[in-house]
Every structure is written in C-alpha cells, then in structure tokens.
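Sharing a structure here in structure tokens format.
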Amino acid sequence: MSRSVADRFWRKVDRNGPMPERCPELGPCWIWLACTDQHGYGAIKRGPPGGSRLAHVVGWELARGAVPDGLELDHLCRNPACVNPDHLEAVTHRQNMERGSHATKTHCIRGHPFDPENTIARRDGSRACRSCKRDRKRADYRRRVLQEAFPGLPGLPGASKPRTRQRSSQEEP
Ligand SMILES: [Zn+2]
Ligand SMILES: [Zn+2]
C-alpha cells in the first residue's frame, strides 16, 4: 500500500479513544471517525466495483501486513470501530465465534471466574464452569452415598424435591 493511503487512513483515526475495559494494558482504542457499517465496524468506501473494506483490517495491513491465510481479526477490546492493531488478534473463525457475545461474560451465574483454569470449552463454542461442574459432581456423590446408607429417606440434600410447603403457605392465606 502506498504511503499516501496510510497517511489518509490514520488521519481518520482518533487515537485517544476509550480504554478497553477488558484489557486496559493495551492502551486506548483508536476510533475510526469515518463511516461505519451496520455492525459498527469502520468501513472504507471504494468506488465500484471495489465495494467497501473493513477499516480495522486495513489498519492491521498497514501496521503488520496481510492477515494470515484462513484467519480473521478479533477485537480484543470488543469495540468494532477500533482500528488499533494492538487490540486485534488474528484467530481462526472458530476461535472468533467462541469469543463472541457469550464469551464476554467474565463470571458464571454463580460468580465463579471464567479464567483459563476454571473454564471448560464446549464443542458448540460455549463455555462451562469447572467449579460448578465439580460442585454438581460432589452433590451427586453425597446424595448417592446417603441414599445407599438410608434408602428411602426423603428430602436428602440436592434431591430435586419441590418445596410445595413453603410455596403454598405464601400463595394461600
Ligand atoms: Zn480497541
Ligand atoms: Zn460456576
């Protein structure tokens, strides 16, 4: 790409964008100031038949060269208008999907962190919490031990017995 293309490109960029919440150590987002597409990605219009190009991809090419074959760029900062090459990582399509919206949650519903040690990556790209899985296994085990020791005992911990008593007292005065 010629020098003038790079000059014109970086002139349309605000390098004092917001600090990314997930990775402040990477510095501020560089916001594309020209047009964005319907997904919020910076877009560079070219005359027909060129169509348009994604600004963050062009920014990456200017800074680092072509995106490696078969890879796509993932925004580590989750800011689609950002063209900061340091906020972009070349990943496979699958990795990119795994990191999608559901992958931005930092904790499971019980508050365990989705960090590398505690996260189980499922085939479908979603994530499971290792602590919760372990807790479920332990509860299952305890229930089995108790059921073997006291067969027929109702209301063992973890047994899925509906709490009809408490409910009905609230519903009916
Ligand atoms: Zn960014
Ligand atoms: Zn959990």
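Here, each number is a calculation from the coordinates, and none is a lab measurement. Model, not experiment: these values are computed from the prediction. Virtual Cβ from ideal backbone geometry, glycine too; neighbours counted across all protein chains shown.
Counting other beta carbons within 10 Å of each Cβ, put T119, T106 in order, fewest first.
So the residues, fewest neighbours to most, are T106, T119.
May I ask you to sort R11, R99 by Cβ crowding, counting other Cβ atoms within 10 Å and putting the fewest first?
Final ranking by Cβ density, sparse to dense: R11, R99.
Quick one: 3J(HN,Hα) in Hz for the range 133-142, Karplus 6.51/-1.76/1.60 with θ = phi - 60°, rounded, Gly and Pro as x.
3J(HN,Hα) across the range 133-142, in whole Hz: 4, 5, 4, 4, 4, 4, 4, 4, 5, 4.
Students often check this: by mean Cβ neighbours within 10 Å, which of 62-74, 33-45 ranks highest, and how do the rest follow?
33-45, 62-74
Moving to a separate point now. Amide H neighbours of T119 under 5 Å, at least 5 residues apart or on other chains, H built in the peptide plane: list them.
R130
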